[in-house]
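Okay, structure first, notes after.
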Amino acid sequence: MEESAARPQTHPSESPMRLESSKTCCASRRGPAQRPPRCPRPVECDPLNAERRSRQAYVKVNYGDALVIIKGNTMAATTDLETRIRRLEDRVEIGELIARYALVMDNRDMTAMPALFTADVVIRSQDGVMNIVGRDAAVELFRGRFKVLGPSNHVSHDRIITFDETNPDLATGLVLSHAEMNRKGVAMLAAIRYHDSYQRDAEVWRFRERVLTFMYYVPTSEYLDALGAGLASRNRAYELPQPGDWPEPLPTWQAYYGS
């Protein structure tokens with residue numbers, strides 16, 4: 001009797017046999033005066049967790065070779081996942097479009113050029129030298145520019161792509177780039193920012209608009225001067241030297257320097 005009275009009271013779930021066979025929540029098995037030191041299944045025994053689990057569902061989504069399991073509101077989760085995957089695919093495709101543009105220009109690939117653009121594409125430069133509308137006009141614009149250009153190498157660096165929240169087939173982009181080329185027999189360098197609009201056209205991303213802006217466009221022999229004493233007139237591709245398109249005219253630059 002003394003041994004029985006000294007035995008500490010144990011929580012029902014601490015029995016290996018009960019743990020293996022019982023599926024009843026610990027909270028439903030203890031009396032009002034009992035407060036066990038620790039429940040081995042706290043997540044299952046928490047009434048709030050039990051309520052949350054009862055509202056959750058699972059869905060399996062096959063994507064290529066991957067099987068993705070989503071927990072929660074299955075319809076919303078599936079739609080959200082598909083949208084996010086599509087956005088990732090779109091970013092890759094737009095990145096490849098940007099790369100193809102450079103290759104088409106440098107390779108003089110007139111056969112591949114039309115596919116870069118929508119039918120109503122706009123190509124212009126901030127200095128006003130380029131300003132056309134339409135795919136055919138774009139091809140003729142570059143054909144004319146190639147007449148004074150020798151070998152060229154366009155290199156894209158970073159880019160920022162922003163998708164239209166109301167139309168999944170539209171996006172805009174800012175592309176940072178450099179180019180080295182031979183123009184009229186003179187070696188030249190250019191720092192370029194492309195301000196782009198893209199459109200998914202017949203399930204293919206194309207340029208809807210491309211605006212070229214230059215920090216500098218100078219002969220290699222004048223590069224140091226263009227970023228030094230001749231900074232104010234560093235767009236020197238044409239007969240009359242002009243200022244760079246950026247950064248001095250930008251509102252952020254002017255606000256910083258108080259100009």
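Each value in this text was obtained by applying a stated rule to the coordinates, not by laboratory testing. Fair warning: this is a prediction, and the values are worked out from it, not measured in the lab. Here Cβ is always computed from backbone atoms with ideal geometry, including for glycine, and neighbour counts include all displayed protein chains.
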In sequence order, calculated HN-Hα J values of the range 217-226 (Karplus, 6.51, -1.76, 1.60; Hz; x Gly/Pro): 8, 9, x, 4, 5, 10, 4, 5, 5, 5
Taking the Cβ of Leu189 as the centre, find all other residues whose Cβ is under 10 Å away and add up their charges (Lys, Arg: +1; Asp, Glu: -1). -2
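Where a ≥ b ≥ c are the square roots of the eigenvalues of the C-alpha gyration tensor, would you call the range 94-257 rounded, which needs a/c under 1.5, or, failing that, prolate if a/b is larger than b/c, or oblate?
It is oblate, given that a/c is not under 1.5 and a/b is not larger than b/c.
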With 0.36 nm assigned to each residue of separation and the Cα-Cα distance removed, Asp201 to Ala115 gains 30.0 nm
Counting sequence-distant residues (5 or more places) and residues on other chains, those with an amide H built under 5 Å from that of Gly150 are Asn182, Arg183, Lys184, Gly185
Taking amide H atoms as placed 1.01 Å from N in the peptide plane, list the residues 5 or more away in sequence, or in a different chain, whose amide H sits under 5 Å from that of Val122. Gly134, Glu209, Arg210
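Using Cβ counts within 10 Å as a stand-in for footprinting exposure, how do Leu116, Leu240, Leu224, Leu149 rank, fewest first?
Leu240, Leu224, Leu149, Leu116
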So if each residue of separation counts as 0.36 nm, and I subtract the Cα-Cα distance between Arg143 and Glu89, what length gain in nm does that give? 16.3 nm
HN-Hα J couplings of the range 178-185 from phi, Karplus 6.51/-1.76/1.60, θ = phi - 60°, integer Hz, Gly and Pro as x? 10, 9, 10, 7, 10, 10, 6, x
Figure the gain on full extension for Asn107 and Tyr256 (residue separation times 0.36 nm, minus the Cα-Cα span) and round it to one decimal in nm. 49.5 nm
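Among Phe146, Phe163, what is the fewest-to-most ranking by other Cβ atoms within 10 Å?
Working: Phe146 13, Phe163 18.
Listed from fewest to most nearby Cβ atoms, that is Phe146, Phe163.
Using a cut-off of 15 Å between beta-carbons, work out the net charge of the residues near Phe146 (Lys and Arg +1, Asp and Glu -1, Phe146 not included). Don't skip to the end; give the middle numbers.
Values: positive: Arg108, Arg143, Arg145, Lys147, Arg183, Lys184; negative: Asp106, Asp109, Glu140.
Around Phe146, the surrounding residues sum to +3.
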Estimated FRET transfer efficiency (Ala229, His157; beta-carbon r; R0 30 Å; 0.05): 0.65
Given H placed on each backbone N at 1.01 Å, which residues far from Arg234 in sequence or on other chains put an amide H within less than 5 Å of it? Gln242, Gly244
